1. Might you check whether a residue that is assigned by TED's automatic domain parsing to the domain that holds residue A:150, surrounded by fewer than 24 Cβ atoms within 10 Å (Cβ to Cβ), in contact with a helix residue (DSSP H, G or I) (Cβ under 7 Å, 6 or more places away or on another chain) and touching a residue at least 24 places away in the same chain (Cβ under 8 Å) occurs anywhere in the stretch A:80-87?
2. Examine the stretch B:73-83 for a residue that is surrounded by 11 or more Cβ atoms within 10 Å (Cβ to Cβ), at positive phi, in contact with a helix residue (DSSP H, G or I) (Cβ under 8 Å, 6 or more places away or on another chain) and within 12 Å of chain A (Cβ to nearest Cβ), and state whether such a residue exists.
3. If I go through the stretch A:278-300 residue by residue, how many of them are assigned to a loop (DSSP other than H, G, I, E, B) and farther than 30 Å from residue A:230 by Cα?
4. Out of (1) within 14 Å of chain B (Cβ to nearest Cβ); (2) surrounded by fewer than 24 Cβ atoms within 10 Å (Cβ to Cβ), what's the single condition that is false for residue A:174?
5. Looking at the structure I just gave you, is residue B:30 under 30 Å from residue A:223 (Cβ atoms) and in contact (Cβ under 8 Å) with a residue 40 or more places away in the chain?
6. Can you pull out the residues in the stretch A:99-131 that are in contact with a strand residue (DSSP E or B) (Cβ under 9 Å, 6 or more places away or on another chain) and within 14 Å of chain B (Cβ to nearest Cβ)?
7. Which one is nearest to the chain's Cα centre (by Cα), of the residues in the stretch B:58-73 that are touching a residue at least 24 places away in the same chain (Cβ under 8 Å) and assigned to a strand (DSSP E or B)?
8. Output yes when any residue across the stretch A:225-236 is crowded, with 19+ Cβ neighbours inside 10 Å, free of Cβ contacts under 8 Å to residues at least 24 places away in the same chain, within 13 Å of chain B (Cβ to nearest Cβ) and farther than 30 Å from residue A:7 by Cβ, and no when none is.
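The values are calculated or read from the model by the stated rules, or taken from the named source; none is laboratory data. This is a predicted model, so every value here is computed, not measured. Positions of Cβ are backbone-derived with ideal geometry, glycine not excepted, and every protein chain shown enters the neighbour counts.
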């Protein structure tokens, strides 16, 4: 078993990615980048990781270089954040449509203006429809574990899709936590070698990224959607395999004290850690509260969510992003859609909180639950409720 | 391609819509795009091959007698050959159905 050490989550992710023996790492190394690729650059330079490290001139080029590397069958890793992810945007769709198993850690950060590099989910929501498998983690250990799982999932021949691991910028990337870094032997046993079935190879020529006119494009997109949905079973398989090897289990929807809960609070990312304390406090006050944390963002786990909301009367959804002029926070809208056709479904109240890295304390989640209960009971409430914004 | 793009269902696509048969774009009849076709007055032709060098489609072939003509299966009718021919052999004429 690996050793538990006090380590910054970004450095730990770099260590994990390094243990998976990547062939190519391409990254733009300047703000809003994190220590993830900085530490990987050190490890490659020191000879600890035998990879080609390509420091490119922009994030658009970083993802393009990853695309090319993955197309020849190289195990490919990169990381980015916030504005950097925005600059990659065009190429993200191309990588998923071409079914190239790139693995990327994304430090979720707010988008400008005003200039803000602190943590929120604005960038995460902007890449929702890119066709990547997207896993959202809530602490450093989960990030390390899921980077290892991501290589297994992405390169699995039943999947062959890129995977993003979303972790909150600053709240996680710059925080030192106790994290178990697995041994090299353990990782090598868990992550099989990459063996892309149709790589670019002069001995067996293929054409990638061809033209898809109206006569074929809709078929390609339908296939992509059905295929992405079909990967959920394989993701669960690799999570189960990880649990057997390392003793830590991951689920598409993580439940905390939900068994008999009448009111559930739900969110993604590091907020879940704080919200657990809020749920404990609410329980002590006699409120039957529970917590749902969405781990698998794409493909969206409809069945697991529907099961998890179970007999609850109210679901309070916390968004760390805003959809200007839209029906609610973007995460809340999705949760509502996923539950809408159920015969018995809870009321849903959404809050937008913690934008641009503003802290949400334990009492914040307690307040949102109580306000949500009040709105559900008395009616009213704004289309978009916010928490912690000065009036 | 073993069959036309129009014939594939969404269940029959290769991983990442990769084309596994190299060179199949040669089957793509780009001549369908043409609205003007090159016509030739070979009396003036000096067989220099400038038209072939400039053709962006690479579809101009030399026949047994040394004259150059465009293969209309691929010729898009861009008119560059007519513009570049030093002796005015080529005239672009409207296609008729």
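1. Step one: list which residues in the stretch A:80-87 are assigned by TED's automatic domain parsing to the domain that holds residue A:150, which gives A:80-87.
Narrowing the set further to residues that are surrounded by fewer than 24 Cβ atoms within 10 Å (Cβ to Cβ) leaves A:83, A:86-87.
Still in the running and in contact with a helix residue (DSSP H, G or I) (Cβ under 7 Å, 6 or more places away or on another chain): A:86-87.
This time we only want the ones that are touching a residue at least 24 places away in the same chain (Cβ under 8 Å), so: A:86-87.
Scanning the stretch A:80-87, I find at least one residue that is assigned by TED's automatic domain parsing to the domain that holds residue A:150, surrounded by fewer than 24 Cβ atoms within 10 Å (Cβ to Cβ), in contact with a helix residue (DSSP H, G or I) (Cβ under 7 Å, 6 or more places away or on another chain) and touching a residue at least 24 places away in the same chain (Cβ under 8 Å), so the answer is yes.
2. Step one: list which residues in the stretch B:73-83 are surrounded by 11 or more Cβ atoms within 10 Å (Cβ to Cβ), which gives B:73-83.
Of the ones still in play, those that are also at positive phi are B:77, B:79.
Still in the running and in contact with a helix residue (DSSP H, G or I) (Cβ under 8 Å, 6 or more places away or on another chain): B:77.
Keeping just the survivors that are within 12 Å of chain A (Cβ to nearest Cβ) gives none.
Scanning the stretch B:73-83, I find no residue that is surrounded by 11 or more Cβ atoms within 10 Å (Cβ to Cβ), at positive phi, in contact with a helix residue (DSSP H, G or I) (Cβ under 8 Å, 6 or more places away or on another chain) and within 12 Å of chain A (Cβ to nearest Cβ), so the answer is no.
3. Quick first cut of the stretch A:278-300, residues assigned to a loop (DSSP other than H, G, I, E, B) only: A:285-288, A:295, A:299-300.
Filter again for farther than 30 Å from residue A:230 by Cα, leaving A:285-288.
Number satisfying all stated conditions: 4.
4. All conditions are met except number (1).
5. Values: under 30 Å from residue A:223 (Cβ atoms): yes; in contact (Cβ under 8 Å) with a residue 40 or more places away in the chain: yes.
Answer is yes for this residue.
6. Of all residues in the stretch A:99-131, those in contact with a strand residue (DSSP E or B) (Cβ under 9 Å, 6 or more places away or on another chain) come to A:100-109, A:117, A:119-125, A:127-131.
Residues satisfying the conditions are A:100, A:101, A:102, A:131.
7. B:70
8. no
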